[in-house]
Amino acid sequence: MKNKILIGLSVMAMASAGLVVGCNKKTSQTASQVAKANEMTIAELEEASKKEFEENTTPFKIVGLTSVLDKVAKTFAKKYKTWVHYGEEGEGANPDNVVVDSSYKDMALLEALGSARSTYFADYVLAQDARSFSSYIKSGVLHNYIPSDADSVLHLSEDAKMPLKGVHFNKLFWTNINFTNVTGQTLHNIWQLAGSKNDADHIQKISFQSPLTEQINMSFLVSCYAPANQERFKTSYKSYYGKDWSSTTYESAGAQWVDEFIKSITTYHTSDGTCMKETQLKSEWKAGVVYYGAFAKMKDAVKNYFWPADAAADDPLLTPLKETKGENAGKVCAMKTVKWDWEIEGFNGFMYSMDSQIINYAKYPYTACLFARTLLEEESYTGAIYNSSTPDADGQKANQYGYYYPGKASSSFRYAAGDWTKEKHIEKEINEDYSYLSSIPASLVEDIKVKVAQ
């Protein structure tokens with residue numbers, strides 16, 4: 001494991017070095033075009049987009065990390081069917097003049113975007129982890145669009161404008177529902193995951209995806225150093241240890257927590273989804289593990305059924321959870337075995353987002369802005385995100401777990417049964433802060449890498 005981590009450290013160091021090469025700002029029209037788009041009414045932006053399609057013979061290109069883009073592109077094409085064509089079917093269907101590529105992984109996408117320093121790569125990107133791509137905004141590889149009606153119609157908060165949020169996501173600390181039976185514990189304070197193994201109620205098994213390869217996990221750890229988050233650590237520390245936090249070793253309570261948390265990690269898993277869908281039920285049902293992983297994987301866990309599970313065969317705790325009819329009769333849904341809504345003093349996880357950016361040398365800069373604006377329309381968002389596998393309390397299609405609308409949702413917005421609202425998740429979790437993450441010294445990230453590799 002140590003060798004794998006060290007190799008990962010070397011790879012990430014080289015990749016990081018590649019991102020900062022040639023960061024001198026290149027001159028292109030894109031910056032001025034996006035600045036103009038910021039001042040345009042939506043009608044004016046639509047006219048500018050139509051003109052771009054009339055003047056270009058190559059397609060409008062969208063890139064990103066999620067298949068949601070494909071669904072939004074189809075909504076976009078239906079809305080502007082006079083000049084945008086994508087996914088049309090049947091006799092007389094127009095050929096596509098839009099390309100969507102959502103096959104990228106985090107670092108691969110960032111490396112690919114680097115070519116936009118000097119040449120065309122694509123027009124629009126939905127990118128994850130503001131810390132990682134902040135240098136591209138500063139150097140002019142990416143350009144941030146803010147709709148002229150961001151306040152009046154979309155009701156975006158200030159932190160949702162820079163960078164322009166497209167979809168909120170989060171990662172949470174969670175267990176399976178057998179955790180308390182196995183350990184005799186509840187997960188109630190964030191310091192249970194740090195401190196010493198000799199501390200009362202210390203969590204003995206923690207599974208985390210390595211921040212050397214999972215960049216959003218690195219941003220979570222870095223965010224724990226932010227001054228704005230220190231009160232969370234101090235208050236929960238006092239509740240857990242019965243005394244005020246103080247240290248001559250650490251500059252902040254968050255710094256101490258990160259150091260001790262890394263030392264407490266017992267497993268670096270490679271897939272959040274596999275842990276939620278299989279590992280926690282099939283092989284670690286009786287292991288008493290606290291996992292940290294993407295809540296969005298719950299949308300996949302609803303489709304995974306097991307019975308009898310390897311480690312949980314005939315467990316009476318699961319008997320009431322078995323399906324009683326249909327093709328899965330007698331089986332247990334993995335989602336029902338996940339306990340994610342612990343009331344944890346301190347915080348439950350990390351709220352972050354995928355952000356809309358216009359790529360340097362875009363051939364369709366105004367269309368890219370219009371697409372970013374369309375993604376923020378509630379109807380467009382719900383059309384892409386609502387799912388019958390995650391119904392609300394009334395059984396209607398609802399918002400998938402782990403995906404959250406960045407604007408102010410209407411009163412008719414439907415959350416999956418049992419889920420928290422976006423506002424509660426924001427309150428309960430540490431939040432991605434662009435202004436902080438874009439200004440941290442590289443030495444802080446390197447220090448965390450070394451801690452992980454030890």
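A few remarks follow.
- Charge dipole of region 160-302 about the Cα centre (unit charges at C-beta), most positive-ward option of PRO227, SER247, GLN280: GLN280
- Here region 169-350 has an Rg and Dmax of 17.3, 61 Å, counting Cα atoms alone.
- Those aspartates and glutamates that a straight Cα-Cα span of less than 19 Å connects to LYS50, excepting residues fewer than 8 apart in one chain: GLU39, GLU88, ASP96, ASP123
- Packing order of peptides 360-369, 153-162, highest average first: 360-369, 153-162 (average count of other Cβ atoms within 10 Å over each peptide's residues).
- Cα-based helix-to-principal-axis angle, 30-39 vs the chain, degrees rounded to 10: 90
- Angle of helix 365-375 to the longest C-alpha principal axis of the chain, folded into 0 to 90 degrees and rounded to 10: 40°.
- Once the Cα atoms are used to define both axes, helix 42-55 deviates from the longest principal axis of the chain by about 70 degrees.
- In a fully extended conformation the segment linking THR41 and THR82 would gain 12.8 nm over its present Cα-Cα distance, using 0.36 nm per residue.
- Within the same chain, aspartates and glutamates fewer than 8 places from LYS424 are excluded, and of the rest, those with a Cα less than 16 Å from its Cα are ASP341, GLU343, GLU345, GLU432.
- The local environment of ASP259, defined by Cβ-Cβ distances under 15 Å, has a net charge of -1 under the rule Lys, Arg +1 and Asp, Glu -1.
- For the pair LYS138 and GLU327, a Förster radius of 41 Å applied to the C-beta separation gives a FRET efficiency near 0.20, rounded to the nearest 0.05.
- Sequentially through region 217-230, phi angles give Karplus couplings (6.51, -1.76, 1.60; θ = phi - 60°) of 6, 5, 5, 4, 5, 4, 5, 5, 8, 4, x, 5, 9, 5 Hz, Gly and Pro residues having no value and appearing as x.
- Set LYS299/LYS422; LYS74/LYS336; LYS171/LYS322; LYS171/LYS336 screened for pairs whose C-alpha atoms are more than 23 Å apart: LYS74/LYS336; LYS171/LYS322
- Each label was represented as a point 7 Å from its Cα along the Cα-to-Cβ direction; for ASP447 and THR270 these points are 3.2 nm apart.
Readers should treat all values here as calculations from the given coordinates under stated rules, not as data from a laboratory. The structure displayed is predicted, hence computed values, not measured ones. Reconstructed Cβ throughout: ideal geometry from the backbone, glycine too, with neighbour counts over all protein chains shown.
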